[in-house]
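Here the structure is laid out as C-alpha cells; the discussion comes afterwards.
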C-alpha cells in the first residue's frame, strides 16, 4: 500500500462521512482546550493535518472552522469553571501536580496580562487549558473571560485549520 493509497482512502472516508467533520473537530479542540486532558491529546498538530483532509474532501471550511471554534470555547469555559469551583485544589491533581513550573509561569503571565493572557495563551500548547483554569482560580469576571475565550478560539481555529486547507488546494 502506497502513501497515495492511504491518502485516497482517508479522503474517501472523510468525504463519505463529511457531516461528522465539524463534530469531530469540535471534540478535538474541546480536548485540546480542556484542563488536564490537553496535556494528553496533541490535537493542535492533528488539526493542521485535518485542514488538508477537510479541503481534499471538499467540506466547506466555515463548517469545520465553526466546529473547531465551538469546541475550543467550551473546553476553555469548562477549564475556567473548574478553576472557579476548585480554586488551588486543582493544582494538586495530576498532571498539574507534576508541573509546578508550568503553573508558576502561568500565574505570573496571567497576573501580568489578565484577559490578554487568556487570549494569547490559547496559541501556546500547554498554556491553552491552564490559563483558563488559572483565570477561574483568580475569579476573573465571567464576561471578561468569555470575551477573551471566544475571540481567541475564533482566531486560533482559523490559524490551525487554514494552512492545511489553503495548501491542499495546490496539492490535491
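We did not get these values from a lab; they are worked out from the coordinates using the rules stated. Source: prediction; values computed, not measured. Cβ placement follows ideal geometry from the backbone for every residue including glycine, while neighbour counts extend to all protein chains displayed.
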Completion exercise
Honestly the stretch 98-163 on the Cα gyration tensor test (a ≥ b ≥ c root eigenvalues; a/c under 1.5 rounded, otherwise a/b vs b/c for prolate or oblate) is just oblate
Problem - Cα→Cβ-extended label distance, 7 Å offset, between residue 16 and residue 112, nm - result: 5.2 nm
